[in-house]
Amino acid sequence: MLTARRHIVPTSLRLIRYHSKIPEKKPWLPSEGIIDPEDARTFIKSTRKTDFKGYEKPFSASNGRRNFSREERNNDLPKNLLKSRKVVIPDSLRGQYKPFDFSNKSTTKKLQKTKTNPNRSSKQGEDDLIEDSENKQKIQAIVRNSNRTDTEFFNPSNQTLDLRLNNKTLFEQIRNSEKDRMSKRYSDPSEEWLKIFKTITTSKITTVKKSISKAIKEASISTSNVHRALAVGDLVVFSDDSILFAIVVAAPKSIESQMYTFVDSKGEVIFGSANSFAFRFPGVIPKEHHELLGTFVQLEKKYLDVPPVGLTNMEFSKSNEALPKELQVQDVEQHVSALSDGINFSESTDFVVAQATSQLLTNSDVNTYIIPTAARSLYTDALTSIGVEVFNEVSKMKSNLEILHKRLQFDENGDLINTPRPISIFEILNYLEDESSWNKLKLESTMSSLGKPLETDINFTDRKYSVTKYLALISSLRRQSRNWNIIYPSRSTLPVSATILPISRNQLIHRVLSYLKDGGDSEFATYCIEKAEGKDVAKPQHYYTLVQLFKDYIIGNFSNDLALEAALASIIRMVDTRQKHPENADTKIKYSYEYSKARAYDMLNDIGAIETAADSRIDPIHWSNSLNLPGHNVSAMSDASDSYFKYVDSNVPKEVVLEKGSDSAVGLDKFSLESFNKEETLQGVSMLEDFNSSDPLESIREDFGDVPIYCIDSEDAHEVDDGISIHTNGDNYVLTVHVANPTSYINSNSTINSIAFGRASTSYVNEGPFFMFPELITKLSALGEDGKQTRTYSVEYQLNKSLVDEFILQKLSDSTFKPSLSLCEQIMKQIDDSVKVKFRVAKNFPIGFTYNKVNEVLSNKSLVQSYKENNCGDEHFSNLFKLHNISTILRQVRHQLGGAFDNNSDNLKIKLTQNNHESGSNINIKDRTYSISPQNLSKSIQIETSSADSNSVDLVTEFMLFANYSSAKFAKDNGINFVYRTQDRSFPPELVKELENKIISKLHAGEQISLEAQQVLRFFSRTAALTTQPEFHDGIGIDKYGWVTSPLRRYVDVLNHWSIADFLLGKESHISERTLKGAITHIQSKGMVEKKMQTISNKFWLSLFFKEYTNRINDKASNVQPITFRLIVVGRKSGFINVELSGFGVRGLLEVTPKFLEDYTLDNIHLGDVLESDRFRVSRMDFIEDTLEFVYI
């Protein structure tokens, strides 16, 4: 399915400029009488020159107009129109004479030759002239007696031309007809639109134009609005290398469409999805004009036999109103309209996209859309002007950007940084716009260069930056691709950060390219081939640099460097061309293309360039400059930070560690930080500077007592940072969420904090996590160790006991029972009225309550029955059962009061475990878990799909959501600087209502929804954003929301803990709002990179799994049981069926082959069907290029 369709103004619109220039009389046009053959031929040539001009292809790849020769234009015409470019003899006159061939000039030349040849007899010449005269009379008779049907003379704008009329009359007909068509197509729609305009606003059209133009020319972007959802009034640019702007004028109004409507600077309509563009700038057009924007694109009124000039939408929808008035059906129900169901389950046709808006839609019921010229005049000039301004800004930025790059090669201490490091694009803009800020780059700082400082002197978060300068900067960064690398988190997400590349790297690339140009590419390719064959060969020149460049190429550490990419691709081609292909090459999984990045990875693996002491396969995300993980020589700063963490952990006194877990386990809480060696420092920084010498919250910290706190997590959880408790206080249940409190140990100005902020979160890669904090902090503050005095941050509220107990009893009687709206409102009010935020010490943590264990406890029928009979003696079951039922109420509170809907999709987990398989048995399949042991890998790849439908998961989720909500409300009510999390879909009310009626209501009722509905929910999901101002979170259904429940793995939670602690201590917050805004920019950018890299990582290990499986299944000696793949049909495209691989969390294509058609009929395959067979094989997979194809054997 095309993500966007760009339509053009049809040919007929442009013809007026030719007809309007036709003079009153041409020398070759006879004033009266019949047109002779020569005149007819000249007339036809002229008509061709004009009327066929519109059939040139509208756009090239660079979005420019193409000029085609006449022969090329002929090929672009439909075949049924090609033959109409000649005069055809009527059937009634066939056989009476020899037709005159207009395209053959031999007859005319013969006449001329006869006149000038003195050797011919007079009689013979007279006979020839008589014969020619007779032929001329016959032709004249043909023209006189021919009608429009017989004479298939083609005119794309007018098919009623009668050639029997004299030229003056023909010209008048053409001119009048053109005026009539122009009036119907353009003048009348503009007049109708102006009537609509007057109903919307009382302002003059010139006033509105000035307002819209001003908004466009002053369009800006800032850190506060960069992540807002796509909405009406936004500006977009569809291509990375384009300056063609467009405005969002309409959002989807029904779940069937899912298409946005855009109008661009050329006055053209574009229909596309929410991810069909490259850049988006939110909220440019003021809301006061949004209603007017919605009228820009109008349904075209068709006229009988007049080709439309409008454009179809993505679905080629139809309606009775789209027909000419003479053809409309009075009873609308009788008119069958093939509206799309929102899923593109049909073939897409480029011919239809380019040509259907003209001849083929004449008198059709296909909806075509136009922009009235009056509406177009409001915005096209302004959009064009800012495009020109972007072009002009690029030339201004070049030299300053190069100078800035050199300045940024030094850190805060003035030391040269010979390593890639990230920087905010807004920070670069700030430097370029305010050169006085450059001086701050030279200021020395006492801050360690490890990590990223939270507080900076550069204020780039409070400013708004011109859209034109932003795009000019992006273009400039792309041009200086060896100095900078833009970090693109995902399609349609505005890039907000870039990587500063070291100058030394640039110099190395120049040397390597010179080496490759002088024959080094052949030398390196030969080395790769011989090394892969097992030969002992010497490494070529620049070997290590080339290996590193290949790694950068694979993971995307550079982009838009065409020379370097071409050089590396050339080496890959040489290797593949010269290398002997194995006999089973046809049965192996193929790449996306010959020089794909996955092929580059395998080439490095074949020569041992990525082998480590442990394994022969390394996840390529370890090489990412943007992810910046320690190890693998990616970043010296990141490696130094990791060394510092290890140094901190290694200097913990042994006696402290030994006391952990004992009955008097207070060692970790009360050991003297003085036990660290004061003389020991790393890079001049003493570890004592990292820690608070005592608990800064000791004066307000309370003892929680002996109430049991349930820390429910997975068996392999690395950081247990939350727990839940319930106890009774009079007539109320007291619900408390307990959270680890690492901020009480860490100094906010410390090296540890700088490193944690630089990492922004714990990175959970499939080989194992890279923690945000050193292990010592986790040992000090993690929950879950029974008997250990643990500092906590707690959120507490009370619910009426009788209300809760009554609900539980009704739920026990009827498992489908749901809380009423009234109960939800009461529960919400009680939470708001009773919420308390405190810092405490807790110690009672019952052991062993993992997700699986809690599910097992909750499903124990005998315990449920004993609870129902009010004689349950199991305290833990009683507590967990109450918590489970209360979480059910909390879920309904979000749904019924906040309109939340939860997209419960299965969770994919990929684990690397020690290889315990016996020889010859290296593929295990159990329930929803697949395990395989690839060759030359010491670990097994385990792929596990866990269902999101889990009582224990739901229990924890709901209590954490409301703890975050309560903390955000507490911060808002008390004016605390706080980082909120929001999600605004910005959909029209009618769409929200339709979603509620057709899908969300079913989810609330606990009903299963179709695959189509699941895809709709997936489409309408939006990425949440961080902000310093509270806004509604649509997905969760809560009006205030912020993270506080995972401070060991998310830095946002750390910031919020510090802010609330300052307030409870009665101190002014030491973290300003400006600091929070700067932190948000960095954290969100890192978060999007983490998400992107996690996807690449998952697909990398999946590709290894499928390759090994394919090798084993094709090896008859291996005796491997085939996997029965379940492919869910989610769409269809040319030659393929779009499928989702159940249990693996990925989507791909199933090739429709003759063998497949032997067992399946396409007409019987529908959306949502499950194709299940052990004959499906992976034929093509590329973990970088996002390619996955299946074939049926």
Q) Amide H to amide H, which residues 5 or more places from residue 486 or on other chains are under 5 Å from it, using H placed in the peptide plane? A) 499
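Of the accessible area of region 158-283, with the probe set at 1.4 angstrom, what percent is carbon plus sulfur?
On the way: 2600 of 5170 Å².
Of all accessible area on region 158-283, carbon and sulfur atoms account for 50 percent.
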Q: Work out how much length residue 1124 to residue 1091 would gain on full extension: take 0.36 nm times their residue separation and subtract the Cα-Cα distance, in nm to one decimal.
A: 8.9 nm
**Q.** Positive-end residue, region 688-743 charge dipole about Cα centroid, Cβ charges, pick of 718, 738, 694
**A.** 738
Q) Zone of residue 1029 (label point 7 Å along Cα→Cβ, backbone N under 17 Å): which residues in region 1064-1088? A) 1073-1078, 1080-1081
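Just subtract the alpha-carbon distance of residue 455 and residue 779 from 0.36 nm times their residue separation and send over the number in nm, one decimal.
Details: separation 324, 0.36 × 324 = 116.64 nm, distance 2.74 nm.
Contour length minus the Cα-Cα distance gives 113.9 nm.
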Q) So how strong a dipole does region 1033-1139 carry about its Cα centre when Lys and Arg Cβ are +1 and Asp and Glu Cβ are -1, to the nearest 20 debye? A) 620 debye
Q. Non-local amide H neighbours of residue 276 (under 5 Å, H modeled in plane, Pro and chain starts lacking H): which ones?
A. none
Q | Cα centroid separation - region 841-874 against region 750-794, whole Å | A | 29 Å
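Report the full-extension gain for the segment residue 939 to residue 330: residue separation times 0.36 nm, less the Cα-Cα distance, to one decimal in nm. Kindly include the intermediate steps, with their values, before the conclusion.
Working: separation 609, 0.36 × 609 = 219.24 nm, distance 7.10 nm.
The span from residue 939 to residue 330 would gain 212.1 nm if fully extended.
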(Q) Counting heavy atoms of the protein chains only and a 1.4 Å probe, report the per residue accessible area for region 817-865 as a whole number of Å². (A) 51 Å²
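To the nearest 20 debye, what is the magnitude of the charge dipole of region 837-882 about its Cα centre, counting +1 on the Cβ of each Lys and Arg and -1 on the Cβ of each Asp and Glu? Before the final figure, lay out each step's value.
Numbers: 7 positive and 4 negative charges, 59 e Å.
Result for region 837-882 is approximately 280 debye, rounded to the nearest 20.
Using a Förster distance of 51 Å, how high is the FRET efficiency between residue 1158 and residue 402, based on the Cβ-Cβ distance and rounded to 0.05? Walk me through the numbers on the way to the answer.
Working: r = 63 Å, r/R0 = 1.23.
For R0 = 51 Å, the calculated efficiency reads 0.25.
At 1.4 Å probe size, with every protein chain present, just tell me what the per residue accessible area of region 1104-1149 comes to in Å². Could the numbers behind the result be given before it?
Working: 1920 Å² over 46 residues.
Normalised by residue count, the accessible surface of region 1104-1149 is 42 Å².
If packing is taken as the average count of other Cβ atoms within 10 Å, what order do 258-268, 737-747 fall into, highest mean first?
On the way: 258-268: 22.0, 737-747: 24.2.
Highest-to-lowest ranking by the protection proxy: 737-747, 258-268.
Taking only protein heavy atoms and a 1.4 Å probe, what accessible area per residue, in Å², does region 451-507 have with all protein chains in place?
Details: 1930 Å² over 57 residues.
Spelled out: the 1.4 Å probe surface of region 451-507, per residue, equals 34 Å².
With a 1.4 Å probe and every protein chain kept in, tell me what percent of the accessible surface of region 514-561 is carbon plus sulfur. Intermediate values should be presented prior to the final figure.
Numbers: 930 of 2190 Å².
Within region 514-561, the accessible surface is 42 percent carbon and sulfur.
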Q) What accessible surface, in Å², does a 1.4 Å probe find on residue 399, ignoring ligands, DNA and RNA and rounding to the nearest 10? A) 60 Å²
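The values are calculated or read from the model by the stated rules, or taken from the named source; none is laboratory data. Quick caveat, the model's predicted, so the values are computed rather than measured. A quick note on method: Cβ atoms are made from the backbone with ideal geometry, for glycine too, and the neighbour counts reach across all protein chains shown. SASA here: full protein model, heavy atoms, side chains in, ligands and nucleic acids out. Shrake-Rupley method; radii C 1.70, N 1.55, O 1.52, S 1.80 Å.
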